[in-house]
1. If you go through region 66-115 one residue at a time, how many are at pLDDT 90 or above and part of a loop (DSSP other than H, G, I, E, B)?
2. Step by step: first the residues of region 19-40, then only those that are part of a loop (DSSP other than H, G, I, E, B) and among the hydrophobic types (A, V, I, L, M, F, W, C), then the one that is nearest to residue 51 (Cα to Cα). Which residue is that?
3. Taking the residues in region 62-80 that are of a type in the set (D, E, K, R) and surrounded by 11 or more Cβ atoms within 10 Å (Cβ to Cβ) as candidates, determine which candidate is farthest from the chain's Cα centre (by Cα).
4. Among 34, 43, which is among the hydroxyl-bearing types (Ser, Thr, Tyr) and within 30 Å of residue 13 (Cβ to Cβ)?
5. Only residues in region 1-18 that are closer than 22 Å to residue 50 by Cα count as the first member; pair them with residues that are of a type outside the set (Lys, Arg), Cβ under 9 angstrom, at least 6 apart or cross-chain, and list the lot.
6. Taking the conditions exactly as written (touching a helix residue (DSSP H, G or I) at 6+ places or on another chain (Cβ under 9 Å), outside any helix (DSSP H, G or I) and modelled with pLDDT of 75 or more), does residue 16 satisfy them or not?
7. Within region 39-52, is even one residue of a type outside the set (Lys, Arg), in contact with an Asp or Glu (Cβ under 6 Å, 6 or more places away or on another chain) and either surrounded by 10 or more Cβ atoms within 10 Å (Cβ to Cβ) or touching a residue at least 24 places away in the same chain (Cβ under 8 Å) (or both)?
8. Among the residues of region 25-38, which ones are touching a helix residue (DSSP H, G or I) at 6+ places or on another chain (Cβ under 7 Å) and surrounded by 10 or more Cβ atoms within 10 Å (Cβ to Cβ)?
Amino acid sequence: MKVIYTIILAVVIMLLITFSLENSSDVKLHYFGYEPIRPIRIYELIFIAFLGGVIFTGLMGIVERFRLTRTIKRLNKTIRDLRREVQEIQGNPNSNYNRDGQKSTLPPLSRAGDL
């Protein structure tokens, strides 16, 4: 698998190099009166735009991950509260869940008549 990854990486690098060589003409950008000190090459402009997209997408992924983590914590708290409520309603001391709503590692208590 490592060989295939290396081959694919080499092909991509070769494509980037040939793209850069084929598109090396200069471009002057004009934006609301701003003119750069030197002209920018086309491949530089495309690479900068691509890099900006990667950074933006990464930041959006981080925000989504934090949102999902917060949702998971809220739902786990709801589950714990509901398990606690079920235990209280049933009045079952032999439940497999502890006070925090977590699955207990201890075996359930035996009743005197079960011995």
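1. Residues meeting the conditions: 0.
2. Residues of region 19-40 that are part of a loop (DSSP other than H, G, I, E, B), as a first pass: 23-25, 28-30, 32-33, 35-39.
Cutting the leftovers down to among the hydrophobic types (A, V, I, L, M, F, W, C) gives us 29, 32, 37.
Details: 29: 18, 32: 23, 37: 22 Å.
Top of the filtered list is 29.
3. Step one: filter region 62-80 for residues of a type in the set (D, E, K, R), giving 64-65, 67, 70, 73-74, 77, 80.
Those left that are additionally surrounded by 11 or more Cβ atoms within 10 Å (Cβ to Cβ): 77, 80.
Values: 77: 22, 80: 26 Å.
Residue satisfying both the conditions and the ranking: 80.
4. Working: 34 fails: within 30 Å of residue 13 (Cβ to Cβ).
Just one listed residue meets the conditions, 43.
5. Between residues of region 1-18 that are closer than 22 Å to residue 50 by Cα and residues that are of a type outside the set (Lys, Arg), the close pairs are 16/43; 16/47.
6. Values: touching a helix residue (DSSP H, G or I) at 6+ places or on another chain (Cβ under 9 Å): yes; outside any helix (DSSP H, G or I): no; modelled with pLDDT of 75 or more: yes.
Judged against the criteria, residue 16 is not a match.
7. Yes; the residues of region 39-52 include at least one that is of a type outside the set (Lys, Arg), in contact with an Asp or Glu (Cβ under 6 Å, 6 or more places away or on another chain) and either surrounded by 10 or more Cβ atoms within 10 Å (Cβ to Cβ) or touching a residue at least 24 places away in the same chain (Cβ under 8 Å) (or both).
8. Result: 27, single match.
The values are calculated or read from the model by the stated rules, or taken from the named source; none is laboratory data. Everything numeric here is computed off the predicted structure, so don't read it as measured data. Because the Cβ atoms are built from the backbone with ideal geometry, glycine has one as well, and the counts that use them run over all protein chains shown.
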